[in-house]
Amino acid sequence: QAKDTIVQVLREEVQKAVDDAKSMAPVDTGALRDGITRSVSKKNLTATMSAGGKRRGVDTYYAYFIEFGTKNMPARPFFYPAARAHEEEIAERLGDEMYLLISKEVEK
């Protein structure tokens, strides 16, 4: 039950970070925004958020250049600010959910 709860919390909370990153991403064709995703591993109890790479035949390799800039272009961060903004919230929610599960078991 704990594993299922952790996975559910990760899915919900990391999706919020993904939604924020998508709203902050610069949009030309929309490929960069649409390529921001998350994955959750039930086996490892981890969540990963990513941007860039190939999505539906479009290579958004330039996500790194947008995030960090180049010598010819200033950085326009969208990914890390969104991820960092949700770190404490995710940790707090995980802690709260685990506390509730443990409390229920202790009461039995």
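Bear in mind that the values in this text are calculations on the coordinates, not laboratory data. Computed from a predicted structure; not experimentally measured. Positions of Cβ are generated from backbone atoms using ideal geometry, with glycine treated the same way; all protein chains shown enter the neighbour counts.
Under a Gaussian network description of the chain, with springs only between Cα atoms under 10 Å, the residue in LYS71, LYS22, LYS54 that fluctuates furthest is LYS71. Counted by Cβ distance under 12 Å from GLU89, the other residues give a net charge of -4, where Lys and Arg count +1 and Asp and Glu count -1.
Our estimate of slack between THR46 and THR70, defined as 0.36 nm per intervening residue step minus the Cα-Cα distance, is 5.5 nm. Hey, what angle do you get for helix 87-107 against the long axis of the chain, alpha-carbon based, 0 to 90 degrees rounded to 10? That works out to roughly 20 degrees. The label-point distance for SER39 and LYS104, in a model that sets each label 7 Å from Cα toward Cβ, rounds to 3.0 nm.
Could you check the spin-label model distance between TYR62 and ALA85? Points 7 Å from the Cα along Cα→Cβ, value in nm. The answer from the label model is 2.4 nm.
Seen from LEU32, the other residues with C-beta closer than 13 Å to its C-beta sum to a net charge of +2, counting Lys and Arg as +1 and Asp and Glu as -1.
Sequence neighbours fewer than 8 away in the same chain don't count; with that in mind, list the lysines whose C-alpha is under 27 Å from LYS54. Of all the lysines, those that pass the test against LYS54 - Cα under 27 Å, at least 8 places apart if same chain - are LYS16, LYS22, LYS42, LYS43, LYS71.
Percent relative contact order of the chain, based on C-alpha pairs within less than 8 angstrom and at least six residues apart?
Relative contact order comes out at 29 percent.
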